[in-house]
Protein chains: 4
Amino acid sequence: MTKLNWGLIGGGEGSQIGPAHRLGAGIDGLFHFAAGALDVDPAKGRAYAQSLGVAEDRAYGDWKEMLAGESKRDDKIDLVTVATPNATHFEITKAFLEGGFHVLCEKPMTMTVEEGEEIYKISKATGKQCAVNFGYSGFSLVRQMKAMIANGDIGKVRLVKAEFAHGFHADAADADNPRVRWRYDPKAAGVSAVLADAGIHALHMACFVTGQDVETISADYASTIASRELEDDAMVNFRMDGGAVGRLWTSAVAIGRMHGLTIQVFGESGGLVWQQEHPNQLYYTPLNGRTQIIERGAGDLYAEASRASRVTIGHSEGMPLAFANIYTDLAEIIRAEKEGRAADPAANLFPRAEDGLRSMASVYAATDSAKGDGRWVNAVPNILK
Amino acid sequence: MTKLNWGLIGGGEGSQIGPAHRLGAGIDGLFHFAAGALDVDPAKGRAYAQSLGVAEDRAYGDWKEMLAGESKRDDKIDLVTVATPNATHFEITKAFLEGGFHVLCEKPMTMTVEEGEEIYKISKATGKQCAVNFGYSGFSLVRQMKAMIANGDIGKVRLVKAEFAHGFHADAADADNPRVRWRYDPKAAGVSAVLADAGIHALHMACFVTGQDVETISADYASTIASRELEDDAMVNFRMDGGAVGRLWTSAVAIGRMHGLTIQVFGESGGLVWQQEHPNQLYYTPLNGRTQIIERGAGDLYAEASRASRVTIGHSEGMPLAFANIYTDLAEIIRAEKEGRAADPAANLFPRAEDGLRSMASVYAATDSAKGDGRWVNAVPNILK
Amino acid sequence: MTKLNWGLIGGGEGSQIGPAHRLGAGIDGLFHFAAGALDVDPAKGRAYAQSLGVAEDRAYGDWKEMLAGESKRDDKIDLVTVATPNATHFEITKAFLEGGFHVLCEKPMTMTVEEGEEIYKISKATGKQCAVNFGYSGFSLVRQMKAMIANGDIGKVRLVKAEFAHGFHADAADADNPRVRWRYDPKAAGVSAVLADAGIHALHMACFVTGQDVETISADYASTIASRELEDDAMVNFRMDGGAVGRLWTSAVAIGRMHGLTIQVFGESGGLVWQQEHPNQLYYTPLNGRTQIIERGAGDLYAEASRASRVTIGHSEGMPLAFANIYTDLAEIIRAEKEGRAADPAANLFPRAEDGLRSMASVYAATDSAKGDGRWVNAVPNILK
Amino acid sequence: MTKLNWGLIGGGEGSQIGPAHRLGAGIDGLFHFAAGALDVDPAKGRAYAQSLGVAEDRAYGDWKEMLAGESKRDDKIDLVTVATPNATHFEITKAFLEGGFHVLCEKPMTMTVEEGEEIYKISKATGKQCAVNFGYSGFSLVRQMKAMIANGDIGKVRLVKAEFAHGFHADAADADNPRVRWRYDPKAAGVSAVLADAGIHALHMACFVTGQDVETISADYASTIASRELEDDAMVNFRMDGGAVGRLWTSAVAIGRMHGLTIQVFGESGGLVWQQEHPNQLYYTPLNGRTQIIERGAGDLYAEASRASRVTIGHSEGMPLAFANIYTDLAEIIRAEKEGRAADPAANLFPRAEDGLRSMASVYAATDSAKGDGRWVNAVPNILK
C-alpha cells in the first residue's frame, strides 16, 4: 500500500505540537512526511525539515512557498497539517483549501465566528476535507460512547456533564511569566482564555458523543488571579438541539487536577462516564441496573471503537494513539476517494470545519453571557441557522 | 458520667430517619432516649416509644403533649430532635426553643426564608442551641478540610466546587409513584426539588469547609422528566463573602451516580478533594507539588478531625458515625454548659440556625435566578445583611 | 423489646477494644451494658465500669468475681465478651462456657491448637454460643460474597486470593518500642506474629466467603527487620476441602498500605473482589462478561447482605457497623432461643469456636511449613479430621 | 538524522506482534523498515513485506535468506527483531548475533536455560546487543521506580510484590480451543505455562526496578482446569541477591482481572506501587509520611523517566509507547556506537540476554520447586554463579 504524502506547517524545532503530529501521522505507516514549512525563520525551517528526512526541494521557507511548490507537483501532498500560532490558522487553512488540498487544522480553527463561517463555506464549496484537531475524540472508548448513544443504549439523552479542569496556571507568582501571561491577555488570546483553550475540547466532546449541537448558553467566568483580564475558570450551562441539558466546567486553577477531561452523559435509560486520564475504561449504568466497566479492546465493542484501538484488552492505550486516529481516519477517507470506493463509515468520525465553527460560536456566546449577567445567548452561527 | 436525656419527635415505626437518629444519639452512650412523640397517630407513637424503652409517662401522643410534659419535669430532656415532615419543622422547633430546650432540627430547618429568620432570632434570644442536621459535616476528614483551610494550608480560597448528584429519580416510569412525585410538586416540596433536598447539603459543605458564606447566586434549573414542575437537575454558580467563586451541581437523574457528594476547594497555594462515598481519604495537593493522600485516623490530623474519628487508620468509617458526631458535639456543648466549664472548641462545629437560614435563602435566590434568565441574585437573608 | 444483658471483660480505660465492643453492642439498642470486669486493677475496673453506667454490684474486680456474681443472678448476663490480653482468652472463655454463658471471644480464641480443641468441645457439649470476633465478616458485602458463592453465582470456586498487608511496623527505629516489640517476640506472641495478628483475618475471610476449610498449607515467612524473631511478612499457599486453591499475603512492613484487607475469589463462571478500605462496593465479573459494581444497600442483594446494612445506598458504611453485626446476629440467636422460636437463618453467620480452632491450626501449620523448607503441612485439627 | 535500518523476522499478516513492533520501531522515526522475512510461507512473507514498503530485494523468503542477504550489503540492517514462534528464537538470535547483527528478541529468549547461557556467551563474545523484549520495563514511571530505588529514595529494599494475573483462559469450555490449549501442553509450551508466558514479565520487572537478581525460589503451581497439564495459576516466593524478599502471583483464571501487572516495592524508608493498567501514576509513600501521587510528565522526575515520556502531564500514555522506548533506547545505543560517542546513560536500560537467561532459569527453578513439595531451589544459572 503506497503511503500518502503529508505536509506540515509549523511544529518547528523545540515545539511540542510538531512531534505529536509527526507521531500521529507516522504511527500506522500511512503517511510519508513529504513536505514542510516548519519555522517562522525560513532557514531554520528548511534545515529542520531536512533533518527529519524531507527532501531538499520540499523543505520550504514558509507556507506560501509551500503552497506554490506543492501545487505544481504531480506527487503533491495529500494532506497538510496546520500547526502554526492560533491567529494564523485561518488564512493558511483558507489558502490550502482553496488550493485544492485536504487540511487538518489545529484548534482553534479560527479566532472569530465570521472567519469560521468562511472556512466552513470554502470547505463545502471545494469538497476538500477540513479536519479540526479535537484529538480527544479519537479515543476508542469515546467512540464507543458515541456509538452507544447513537444506538440508543442509554435512550434519549437528557443531560451531559463535561469537565476540563487543570491547575497549571494557578501559581500567582508565575502569572506574569510570558509563557502563561499571553493566554489571559485578550490582545493575544481573543475573547476567552481557559474556555477557548481547554474547555472547548470538553464542549466538543459533549457534542461529539451526543450527536447534538449547542443552541443556547449561559456562562459564568471568573478571573481568580486578579491581574488576569480573561477568565481562568468558567462554568457554562447550555441547551442542545436534541433537547439535552449541558453543563461544562473548565478551570486552569484547580490545583491537583492534572487534566480533568471527563464526560458524563445521562439518558432516559442509562448513564455513561469516561475520563481521559484513565481512558481504557468506560463506565456504563443501565437504568435500575448495576454499573458495568467496559474495557477498551473488549470483544463486544462497536465497530467505531474497535477500529480506533490498537493493542489487546488490559494493555493501556493513551493520548498519542487517540490523536493518531484522526490521521488514520483521514487516510481512509482520502484513500477511498483516490480509489473511487466508499470509505469505511467508522472512519468518518473526525471533527470538521463545522465543529470548528460551532465551538468558536459557543465561546463567543459564553463570553457574551458572562459579560451580560448570565443571560442566555444563542450560540448557533448564522450560517447554520 | 451521667447520660443526657434525649427526646425524639417523629421517626415512627418504619421510618428511615428514626433509627438513624437513635443510632447517632446512642452510639457513644452519651444520651439516654428518655422521651418521644414518634408518630402522627398518638396511640401508635406511644406504643412504639415504649417498645424502644421509653417510660410510659414520657411516651407522648404528640409534640405539644411532649412539650408540656417535659417542661414540668426536673429531669427534662436536654435535647430534642425534630425529625417530622419538612413543613412542620418550623413550628415545632420554634415552640421547643421558646420552651427553653436545645433542639436538633432535621433539614430543611424551615420552608421559607422568613421562617428561618424567625428561628434564627429566637435561638439568639433564648441562647438555646438550634442545631441543624447537615450531617455530612460530621465526617472526620471534612473537618480536617475545614481546619486546613482555616489554618491557611491552601492559602486564600479562590474556588469551591461542590456536587451532590444521584440517579435515583431517573426512571420516568416511576415518576408518578407517590414516593417520588411529591418531591417535584411545589405544593408539597416548596420552591425547589433537588437543590433543596440534595444540593443543599453540598452547598452547606462549601460554606462549612471554606468558612465563607454565599452572597450572590446565578442558577440554571432543568426538569429533565417533562411531567415535573420542579427541577431534577440544577447548576448553581455563586460568589462568597470571602471572595471565593462557587460552583455546585446537583442532580437526581444522573444514572450510575449513587450519591456523588464531592467537595473540591482550590486556594492560592493548594487544592483539596473529598468524596462522601470514600470518606476515609482526603486528597491534598500543595501548589507545584505532588498530590498527597491524607488518611482518616492518621497521627498528624488537626484536633477537629481527630475528635471526629473513632477507629484506627485503615479501617473504614462511614456516614452513621459522621452523623453521630453532631450528637457528640452537642453533648459536649450541653454538658459543658451544665458543668459551668468551657466546651472543647473542636466540638463547636455543628451546623446551626444561621446555616439553616442561609441555605434556605440560597435556595430561594437560586430559584429566582433560574426563573429570571440566569441573572445574579443576592442570597443574603435580610436579617444578616 | 427488652434489651439483653451484656457483660464485658477487659476493655479498660484507654483501651481501643473496649469502646469498639461497647459501640458494637450498643449500636442497635439490643444489649444493655449490665456487668463488667474491665481492668487488671480491680479498683480501677470497678470505678470505670460504674462511670459507664454499670450498677455498683455488677462492676466487678475480676472475671472470677464476675462469673460467680452473675451466675447467682436471675437477670444474669445473656452474653459476655472476652476482650482481655490474648493469653488469657482460653481460660476465661472456657470458664464462662462451662458456667452456662454465651461468649463472644476476641481473636485469637486460644494460643494453641490443643486449647482450641478444648474450647470447641466445650461449646459443643454445653450448647452455648462461642462466637469469635473475626469482625470483618460482618460487612454487608462480605456476606453478599458468601451468599453469591453459596448460590453458585460464580460456579465452583477455583481460587481465593486474600491479603492483609499494612506498613505500621516498618520503622526499624521503632522496632524496639515495647508497643511493637512484643508482637515479634515468641515468648509474648506465640509461634507467629503478622500471620497470627493480621493475616488470620484474611484467612478466616477466605474460608468464610467460600464456605470451604483449609486442608494443607505451604508458607514462606520473612523477618525483614533483622532483630525480629517472628515474621513480619508471610506468604501462605493453601488447598481447601472443596478443591479451591488459596493464596494469602500478609505483611506489617508494606509502607503505604494502610490495611490492605482484600479478598478475591475466582470460580468457574465468575470472579469477585472486595476491599475493606472501600467496603461499600463489590466487584463481580461473570465469565466472558463485563465487571459489575455491586453497591451496598442496592435492592437486589441477598438477604444475608441486606440484613447487615443500615443506611441507604450511596452512603458509606464502615468497620464499626460491620463489627456491630456480630452482636446483632448474636442478639437474634440468643433472643430466638429465649423465645423458643427459630432464628433468622441470615443471622447465623457469625464466626464460632470452630473458626477460632481452624484458624489457629492454620497458623501452626504455616509456621511448621515455613520452618520446614516450604513443605506442605496438614492444617486440619485432629478433632476435626 | 539518517534513520537506522531495521529488519523484522516473523510478524506476518494477521499477527498481533508484527504491527506492535512496526509501531514501536517507527514511532519516533528512528528506524527505517528496510528488510523482512515475515512469514513461514516464503511467498506470502515476501508479498506482505513489499506491501509494507520493503524493497523487493530485501523482502526475504526466510530468515536464513535474510541473514545471507543482509550480511552482504553495505547498508545492512542495524537491528533485527526476532518475533517468530517461541521455539525458534534461540537459533535465529544465535545466528544473527554470530553474523554481527544487533538483535531484539521477543520473550522468551530461549526455551531452556542451556540455550540461554549460550546466547549470553555469544552476546558477550561478539559485543553485539542482544535485547529481550520485556516491554513493560519501557514505561516512564517504571523507570522512575528504578531510578528512585537506585537513588535510595526508599532505602534498602526489603520486599517486592509482583503480580500479573488475568482471566482470559478461565473458560473451561474454551480450554480445548487450539488457540488456548497449546499454552498448557508441555510439548508446545515447555516446562511452564502462565509463569513463562505472563508471570515472567512481572518477575523481570521485580528485578528491573530493584536492581537485584533472583537467587532462590519456592513455588506453588495449580492447574485449576483439570485437563491442563501445565499451571494456569502460580505463586512464586523468592529471595534476591541484595537481600530482598520477593513474592509473585500470576494467573490466567482470575476472571475480572484484565491484565493485572502490578509492582509494589517496600524498602526501609518508603514504598512504591505501580499498575500497568493505570501507568501514568506512581504511588510513593515515605516512611511515616503520606502517600504521594507521582504523575508521568511531572517536572521533577529522574532523567531515566523523563527520557521515556512523550506527552505532557495529565495526558495518558500507554503500552505502545512503553514498548517503543525499547527501540528508542536501542537506537541511541547503536547510533552512539556508530558515531563513536558515549551513549546517553539513561538509554541504557533495555533488558538484555542476561535478563532473558535469568528469567528462564527462574521459571525452571520454580517448576522444580512446585514439583518438589515447595522446597527452595537455586535459580542462578551456572554461568552466572
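The values are calculated or read from the model by the stated rules, or taken from the named source; none is laboratory data. Bear in mind that the values here come from a model prediction, so they are computed numbers and not experimental data. For neighbour counting, all protein chains shown are included, and Cβ atoms are generated from backbone atoms with ideal geometry for every residue, glycine included.
Counting just the residues of the stretch D:131-165 that are in a loop (DSSP other than H, G, I, E, B) and of a type in the set (A, V, I, L, M, F, W, C), which one comes out farthest from D:GLY246 (Cα to Cα)?
Per the criteria, the residue is D:PHE139.
Within the stretch B:200-214, does at least one residue satisfy the condition of being at pLDDT 95 or above, charged (D, E, K, R) and out of contact with any Cys (no Cβ under 8 Å at 6 or more places or on another chain)?
For the stretch B:200-214, residues at pLDDT 95 or above, charged (D, E, K, R) and out of contact with any Cys (no Cβ under 8 Å at 6 or more places or on another chain): absent.
Name the one entry in C:ARG358, C:ARG341 that is part of a loop (DSSP other than H, G, I, E, B), more than 14 Å from chain B (Cβ to nearest Cβ) and either out of contact with any Leu (no Cβ under 6 Å at 6 or more places or on another chain) or free of Cβ contacts under 8 Å to residues at least 40 places away in the same chain (or both).
C:ARG341
Do you know which residues across the stretch D:334-355 are in contact with a Phe, Trp or Tyr (Cβ under 8 Å, 6 or more places away or on another chain) and not hydrophobic (A, V, I, L, M, F, W, C)?
Correct list: D:PRO351, D:GLU354, D:ASP355.
Which ranges mark the strands (runs of 3 or more DSSP E) fully within the stretch D:166-285 that have 1 or more residues being of a type in the set (A, V, I, L, M, F, W, C) and away from every other protein chain (no Cβ under 12 Å)?
Filter on the stretch D:166-285 gives D:214-222, D:262-267.
Based on this model, can you work out whether B:GLY372 counts as surrounded by fewer than 23 Cβ atoms within 10 Å (Cβ to Cβ), over 23 Å from the mean Cα position of the chain (by Cα), within 14 Å of chain C (Cβ to nearest Cβ) and without any contact (Cβ under 8 Å) to a residue 40 or more places away in the chain?
no
Please pick out the residue among B:LEU159, B:LEU203, B:LEU141 that is buried (at least 24 other Cβ atoms within 10 Å of the Cβ), closer than 30 Å to B:ALA303 by Cα and out of contact with any helix residue (DSSP H, G or I) (no Cβ under 8 Å at 6 or more places or on another chain).
B:LEU159
Please go through the stretch D:252-283 and give me each residue that is in contact with a strand residue (DSSP E or B) (Cβ under 6 Å, 6 or more places away or on another chain) and surrounded by fewer than 23 Cβ atoms within 10 Å (Cβ to Cβ), ordered by number.
Of everything in the stretch D:252-283, those that are in contact with a strand residue (DSSP E or B) (Cβ under 6 Å, 6 or more places away or on another chain) and surrounded by fewer than 23 Cβ atoms within 10 Å (Cβ to Cβ) turn out to be D:GLY260, D:THR262, D:VAL273, D:GLN275, D:GLN281, D:TYR283.
Keeping to the stretch A:114-123, report how many residues are surrounded by fewer than 23 Cβ atoms within 10 Å (Cβ to Cβ) and touching a helix residue (DSSP H, G or I) at 6+ places or on another chain (Cβ under 8 Å).
5
Hey, can you tell me all the residues within the stretch B:286-319 that are within 11 Å of chain C (Cβ to nearest Cβ) and not in a loop (DSSP other than H, G, I, E, B)?
B:ILE293, B:GLU295, B:MET319
Give me the residue from the stretch A:210-239 that is free of Cβ contacts under 8 Å to residues at least 24 places away in the same chain and surrounded by 24 or more Cβ atoms within 10 Å (Cβ to Cβ) and, out of that set, nearest to B:GLY243 (Cα to Cα).
Among those that are free of Cβ contacts under 8 Å to residues at least 24 places away in the same chain and surrounded by 24 or more Cβ atoms within 10 Å (Cβ to Cβ), it is A:MET235.
If a residue has to be surrounded by fewer than 23 Cβ atoms within 10 Å (Cβ to Cβ) and either touching a residue at least 40 places away in the same chain (Cβ under 8 Å) or of a type in the set (A, V, I, L, M, F, W, C) (or both) to count, how many in the stretch C:125-134 make the cut?
Residues meeting the conditions: 2.
Which of the helices (runs of 4 or more DSSP H) contained wholly in the stretch A:18-130 include at least 1 residues that are of a type in the set (A, V, I, L, M, F, W, C), more than 14 Å from chain D (Cβ to nearest Cβ) and within 24 Å of A:THR2 (Cβ to Cβ)?
Helices (runs of 4 or more DSSP H) meeting the threshold: A:63-71, A:89-98.
Can you tell me which of C:ALA165, C:ALA193 is free of Cβ contacts under 8 Å to residues at least 60 places away in the same chain and either surrounded by 24 or more Cβ atoms within 10 Å (Cβ to Cβ) or under 23 Å from D:ALA254 (Cβ atoms) (or both)?
C:ALA193 is the lone residue from the list that is free of Cβ contacts under 8 Å to residues at least 60 places away in the same chain and either surrounded by 24 or more Cβ atoms within 10 Å (Cβ to Cβ) or under 23 Å from D:ALA254 (Cβ atoms) (or both).
Taking the stretch D:188-231, which residues are touching a strand residue (DSSP E or B) at 6+ places or on another chain (Cβ under 9 Å) and among the polar types (S, T, N, Q)?
Within the stretch D:188-231, D:SER192, D:THR210, D:GLN212, D:THR216, D:SER218, D:SER223, D:THR224 meet the criteria.
Restricting to the stretch C:88-106, give me the number of residues that are farther than 18 Å from C:SER71 by Cβ and in contact with a Phe, Trp or Tyr (Cβ under 6 Å, 6 or more places away or on another chain).
0
Taking the stretch D:66-101 as the search range and keeping residues that are surrounded by fewer than 16 Cβ atoms within 10 Å (Cβ to Cβ) and within 24 Å of A:GLY29 (Cβ to Cβ), which one is farthest from the chain's Cα centre (by Cα)?
By that ranking, first place goes to D:ARG73.
Could you check how many residues of the stretch A:376-385 are within 13 Å of another protein chain (Cβ to nearest Cβ) and touching a helix residue (DSSP H, G or I) at 6+ places or on another chain (Cβ under 6 Å)?
Selection size over the stretch A:376-385: 1.
Going through the stretch D:297-345 one residue at a time, which ones are within 19 Å of the chain's Cα centre (by Cα), of a type in the set (S, T, N, Q) and under 23 Å from B:THR291 (Cβ atoms)?
D:SER309 - this is the single residue of the stretch D:297-345 that is within 19 Å of the chain's Cα centre (by Cα), of a type in the set (S, T, N, Q) and under 23 Å from B:THR291 (Cβ atoms).
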